[in-house]
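Chemist: First the structure, which I've put down as structure tokens, then a few questions once you've had a look.
The values are calculated or read from the model by the stated rules, or taken from the named source; none is laboratory data. A quick note: this is a predicted structure, and the numbers were derived from the prediction, not measured. Virtual Cβ from ideal backbone geometry, glycine too; neighbours counted across all protein chains shown.
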Amino acid sequence: MVELARFYASRGLKISRASMQYVWDVDGVRYLDLHTGHGAAFLGHGNPRIVKRVYRQWMEIGVCTPQFECNIQAEASRLLSSILPEGWSVFFQNSGAEAVEAALKAAWLYTGRVRVAAFKGSFHGRTLAALSVTWNPKYRSGLPALEMVDFLPFNNVSGLDAIGDEHAAVIVEPVQGEGGVVPASIDFLREVAKAARRAGALLILDEIQAGFGRTGYTWAYQRAGIEPDILVAGKSIGGGFPVSMVAARKDIVEALKGRHGSTHGGNPLALAAVAGGVEVLTSEDVPAKAMVRGKELMELLAGIESLRGVRHVRGLGLMAGVELRRNPGPVLRCLQERRILAIKAGITVVRLLPPYMVTPEDLGVAVDGLRECIRREAGG
Ligand SMILES: Cc1ncc(COP(=O)(O)O)c(C=O)c1O
């Protein structure tokens with residue numbers, strides 16, 4: 001018997017099926033899913049529009065390297081044109097970390113510089129370059145992570161003076177997810193963009209968790225009125241299909257010619273999933289829905305901020321964090337007993353990543369459950 005290795009602690013739940021914002025265990029008990037597989041199911045589990053597209057695509061052709069042409073490439077490009085800046089170029093990878101890796105490669109090759117500025121609290125993935133710009137020293141310990149990174153304080157404008165002409169790129173999350181659900185302030189994002197421009201460093205926006213409608217904007221950077229040089233996205237863009245993308249000005253992407261590639265990157269199934277994802281995003285006005293539901297969620301959460309066990313609630317759109325005064329493990333287990341799935345962030349934060357079709361009733365159930373669980377498990 002070969003064992004499937006697990007790098008995450010088991011949550012002790014066997015899920016037998018899923019549909020949109022719900023999952024069911026093997027006994028048919030329904031759970032409200034605000035974990036959504038680390039945020040990958042923001043467009044819902046098995047969104048029918050996306051599933052149909054992938055199914056049809058596989059019946060037509062499931063493997064077609066970009067050395068050849070097939071219909072879905074043009075279709076994906078047409079659809080992506082509605083959500084990316086005019087004249088940009090885009091390519092696909094299989095995971096968020098790979099997209100960050102490729103973005104960094106592009107920045108190094110384009111600028112000919114070596115150092116990268118990243119931020120304390122950041123999370124950009126587990127492959128070596130992505131890990132090198134990830135703040136948590138626990139994830140990097142024991143590994144020869146690259147040493148070309150300067151970690152600057154997040155949401156601190158004066159720290160940006162450290163960005164200089166030795167930097168190829170500045171990489172930033174518009175909302176730090178894994179780091180504890182911490183939105184970058186609008187002012188901070190604008191100053192990061194200015195500092196990068198001044199230094200001639202490329203601005204990489206990591207929207208792998210916050211992007212694609214979740215914060216109430218198609219891309220969370222739009223709320224600051226800035227434009228990155230490179231945008232990376234992943235998680236929800238393919239409705240749960242493992243796909244990520246790097247989008248940038250054409251001259252930046254050109255720098256990777258002959259120096260980058262991927263067997264599965266841009267595979268027709270992934271492109272069909274992304275095409276379906278963009279269709280859902282635009283035709284159902286997902287950002288507007290996330291904005292409305294997100295405001296409702298924050299209003300509900302404001303009602304539990306006074307509990308003794310709560311330090312702070314924060315978030316943006318459908319990305320919320322409840323910072324407790326202690327490890328959130330017992331609260332997460334209590335929520336699971338109440339048929340609500342949520343996820344930890346940082347050291348003390350309960351993170352809620354609801355999919356866009358979550359209803360006001362669902363949110364009410366989730367916050368009532370949270371109130372009870374915090375009272376029971378986190379000191380009132
Ligand atoms: C902001 C951000 N960047 C990068 C990643 C890495 O993505 P993946 O796990 O798909 O490699 C994540 C995953 O949580 C993330 O939240």
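Chemist: Can you say whether SER81 is within 16 Å of the ligand (Cβ to nearest atom), under 24 Å from the mean Cα position of the chain (by Cα) and polar (S, T, N, Q), as far as the supplied structure shows?
Modeler: The answer is no for SER81.
Chemist: Among what's in region 213-232 and is in contact with a helix residue (DSSP H, G or I) (Cβ under 7 Å, 6 or more places away or on another chain) and in a strand (DSSP E or B), pick the residue that is farthest from PRO48 (Cα to Cα).
Modeler: Selected residue: ILE230.
Chemist: Among the candidates ILE163, ILE204, single out the residue that is touching a residue at least 24 places away in the same chain (Cβ under 8 Å), of a type in the set (A, V, I, L, M, F, W, C) and either farther than 21 Å from LEU80 by Cα or surrounded by fewer than 24 Cβ atoms within 10 Å (Cβ to Cβ) (or both).
Modeler: Result of the check over ILE163, ILE204: ILE163.
Chemist: What pairs can you find where one residue is in region 221-248 and farther than 18 Å from ALA184 by Cα, the other is away from the ligand (no atom under 14 Å from the Cβ) and aromatic (Phe, Trp, Tyr), and their Cβ atoms are less than 6 Å apart, with a gap of 6+ or different chains?
Modeler: VAL246/PHE91; ALA247/TRP88
Chemist: Among the numbered criteria (1) under 23 Å from the mean Cα position of the chain (by Cα); (2) surrounded by fewer than 22 Cβ atoms within 10 Å (Cβ to Cβ), which single criterion is violated by GLY317?
Modeler: Answer for GLY317: the failing condition is (2).
Chemist: Then there's this: I'd like to check which helices (runs of 4 or more DSSP H) are fully inside region 95-182 and have at least 2 residues that are more than 10 Å from the ligand (Cβ to nearest atom) and farther than 19 Å from VAL253 by Cα.
Modeler: 128-132, 137-140
Chemist: Filter region 183-215 for residues that are of a type in the set (Ser, Thr, Tyr) and more than 16 Å from the ligand (Cβ to nearest atom) and give the result.
Modeler: Matches in region 183-215: SER185 only.
Chemist: Could you identify the single residue in VAL274, VAL243, VAL253 that is at pLDDT 95 or above and away from the ligand (no atom under 16 Å from the Cβ)?
Modeler: VAL253
Chemist: Further question on the same structure: What's the number of the condition GLU361 fails, among (1) closer than 23 Å to TYR139 by Cα; (2) surrounded by fewer than 19 Cβ atoms within 10 Å (Cβ to Cβ)?
Modeler: It fails just one condition, (1).
Chemist: While we're here: Collect the residues in region 312-338 that are closer than 22 Å to GLU299 by Cα and in contact with a Lys or Arg (Cβ under 7 Å, 6 or more places away or on another chain), keeping them in residue-number order.
Modeler: The answer is GLY317, LEU318, MET319, GLY321, GLU323, LEU324, ARG325, PRO328, LEU332.
Chemist: Against the condition in contact with a Gly (Cβ under 6 Å, 6 or more places away or on another chain), of a type in the set (Val, Ile, Thr) and either at pLDDT below 95 or under 15 Å from ARG371 (Cβ atoms) (or both), how does ILE340 come out, does it pass?
Modeler: Judged against the criteria, ILE340 is a match.
Chemist: Consider PRO228 against the criteria (1) within 12 Å of the ligand (Cβ to nearest atom); (2) buried (at least 24 other Cβ atoms within 10 Å of the Cβ); (3) on the phi < 0 side of the Ramachandran plot: it satisfies all of them except one. Which criterion is unmet?
Modeler: Answer for PRO228: the failing condition is (1).
Okay, residues lined up against (1) more than 23 Å from GLU178 (Cβ to Cβ); (2) crowded, with 17+ Cβ neighbours inside 10 Å; (3) among the acidic types (Asp, Glu); (4) out of contact with any Pro (no Cβ under 9 Å at 6 or more places or on another chain):
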position	(1), (2), (3), (4)
SER81	yes, no, no, yes
ALA97	no, yes, no, yes
VAL100	no, yes, no, yes
VAL133	no, yes, no, yes
ASN136	no, no, no, yes
SER141	no, no, no, yes
PHE154	no, yes, no, yes
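Chemist: Consider region 63-79. How many of its residues are surrounded by fewer than 14 Cβ atoms within 10 Å (Cβ to Cβ) and either touching a residue at least 40 places away in the same chain (Cβ under 8 Å) or not in a helix (DSSP H, G or I) (or both)?
Modeler: 4
Chemist: Okay, moving on. Take the residues in region 20-62 that are in a helix (DSSP H, G or I) and at positive phi, then tell me which one is nearest to the ligand (Cβ to nearest atom).
Modeler: Among residues in region 20-62 that are in a helix (DSSP H, G or I) and at positive phi, the one nearest to the ligand (Cβ to nearest atom) is HIS38.
Chemist: So which residues in region 137-154 are farther than 21 Å from ASP229 by Cβ and modelled with pLDDT of 95 or more?
Modeler: Residue satisfying the conditions is PRO153 alone.
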